[in-house]
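Before any comments, here is the structure.
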Amino acid sequence: MWFAPEPDGMCTLTAFLPAEAGLALYQGLDADARTARSHLPPTPGKPRPGDAGGGCGPADAAGAGVGAAGSSASVAAAEERTLSQLRADALVHRLLGVPDEAFPGPFRPHIT
């Protein structure tokens, strides 16, 4: 696994995994992203960005940042997020347990 800092407080996180594991992770994050996007109100007369995107390479991730959806201002910004950006949000939510109504996945932090 590799971490590379990027400009503007972003980073690139890369993992070299068996194909079965990588594809399963990607498909899970993609399902989370599509579910989150389906819960956002559509912008009238405007197609959703990233509808055709299904790739998993670096070009597909261009501009994929982690944003916080939830507040009314965030929801408006979230409407414009691509599937790649929503996948990045889902990854952060799944791994860090960031509370976000858009990603109601089973991974929640438990304090014992």
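The values are calculated or read from the model by the stated rules, or taken from the named source; none is laboratory data. Everything quoted here is computed from the prediction, not taken from an experiment. Every residue, glycine as well, gets a Cβ built from its backbone with ideal geometry; the counts of neighbours run over all protein chains shown. What goes into the accessible areas is simple: the full protein's heavy atoms, side chains included, and nothing from ligands, DNA or RNA. Shrake-Rupley method; radii C 1.70, N 1.55, O 1.52, S 1.80 Å.
Here are the numbers for the structure shown:
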read-out	value
Which listed residue, of Leu23, Leu29, is modelled with pLDDT of 90 or more and open to solvent by 40 Å² or more (accessible area, probe 1.4 Å)	Leu23
Sole residue being modelled with pLDDT of 60 or more and touching a Cys at 6+ places or on another chain (Cβ under 7 Å), chosen from Pro41, Pro104, Pro5	Pro5
